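The values are calculated or read from the model by the stated rules, or taken from the named source; none is laboratory data. As the structure is a computational prediction, the values presented were derived from the model and not from experiment. Cβ coordinates were reconstructed from backbone atoms using ideal geometry, including for glycine residues, and neighbour counts include every protein chain displayed. Please note that ligands, DNA and RNA were not included when accessible areas were found on the heavy atoms of the full protein model with its side chains. Shrake-Rupley method; radii C 1.70, N 1.55, O 1.52, S 1.80 Å.
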Amino acid sequence: MSKTPDAPFPANTTSETVRVLRRILITGASGAIGGALARRLAAPGTHLLLWGRDMARLTLIATICRAAGATVELRQIDLAEPAASLAAIAADDSAAPIDAALLVAGQGDAVPPGQIVEPAEQVARLAAVNFAGPAALAAALATRMVARGQGRILLVGSAAAFHALPHAPTYAASKAGLARFADALRLAVGPHGVIVTLVSPGFIDWANGGRPVPRALLLPLEEAARRILAAFDAGVGHAIIPRRFALLRLLDRALPGVARDALLRQFRP
Ligand SMILES: NC(=O)c1ccc[n+]([C@@H]2O[C@H](COP(=O)([O-])OP(=O)(O)OC[C@H]3O[C@@H](n4cnc5c(N)ncnc54)[C@H](OP(=O)(O)O)[C@@H]3O)[C@@H](O)[C@H]2O)c1
């Protein structure tokens, strides 16, 4: 079942369930969404494991989180390297059990201007970073969490997963793969005390995003972070934010093939 916690929540409410989680991993913590989630989760008693590649931005987020009372560990890591990320997750979870993991890291590359098809290297890289990497991390953690009988995993997908986007085939496909993986993992581990949540955002507005899309389709960064944590806290299987992207998914499914193809060929944000 797909539930979307799109109802208004009180401002600045970081979920109560999430607040009691003590050891939280966030991948992509150097990025816009991961950083916003880290800032919201930072509180006394919380230990944040912040992963990313850009140490300068990780350090900045860590400073903010420490000022809010959290303790923080940073890890510089390339999630395109499966052996390195699986070794890292084993090390961090063996040091002390991870209560919750927010797997946010991802790349949004599209077909380069003037080209028709994505470069093959880009296809392989996006498949690794957006699908294989987070899926393998989730599997490794879920195995450990099942053994403990508890744990929470959040995967950040995308509303792009619902559509065959000719301008971003691998982004759409990697997020579609991640979505199916998340749903299957949720079914497998739910009975063993592990909660898996997939959030599929539409367009999120942040300072460097530079989105040439209508404002009505943009969700402000802080509002997106609040809704992601609300979905995580509520333990819903799948949240689409904002809700109108669920309607676009329905439209994609309902339109006759010829009309759908014509629309998708024109769409290039
Ligand atoms: N922004 C949107 O409108 C939107 C919409 C739907 C879904 N999403 C999804 O939300 C997630 C976060 O996006 P964002 O908007 O916050 O983008 P962002 O600011 O570019 O952040 C991306 C994060 O992923 C990390 N990352 C990328 N490649 C990595 C790699 N090979 N190894 C380790 N870390 C890597 C980046 O780390 P470094 O910067 O340190 O390299 C950064 O922390 C992504 O999964 C994206 O697909 C975003």
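Tabulated data
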| item | result |
| --- | --- |
| Filtered residues of the stretch 34-58 (kept if assigned to a helix (DSSP H, G or I) and either within 13 Å of the ligand (Cβ to nearest atom) or aromatic (Phe, Trp, Tyr) (or both)) | Gly34, Gly35, Ala36, Leu37, Ala38, Arg39, Met55, Ala56, Arg57, Leu58 |
| Members of the stretch 159-176 that are open to solvent by 10 Å² or more (accessible area, probe 1.4 Å) and either in contact with a Cys (Cβ under 8 Å, 6 or more places away or on another chain) or not in a helix (DSSP H, G or I) (or both) | His163, Ala164, Leu165, Pro166, His167 |
| Count of the stretch 10-55 residues which are modelled with pLDDT under 95 and among the hydroxyl-bearing types (Ser, Thr, Tyr) | 4 |
| Conditions (1) farther than 28 Å from Asp233 by Cα; (2) at pLDDT 95 or above; number of the one not met by Gln76 | (1) |
| Search result, residues across the stretch 105-122 that are assigned to a loop (DSSP other than H, G, I, E, B) and open to solvent by less than 20 Å² (accessible area, probe 1.4 Å) | Val111, Glu118 |
| Residue within the stretch 70-87 that is within 21 Å of Thr143 (Cα to Cα), of a type in the set (Gly, Ala, Ser), open to solvent by less than 70 Å² (accessible area, probe 1.4 Å) and over 17 Å from the mean Cα position of the chain (by Cα) present | yes |
| Flag if Val196 is of a type in the set (Val, Ile, Thr) and more than 11 Å from the ligand (Cβ to nearest atom) | yes |
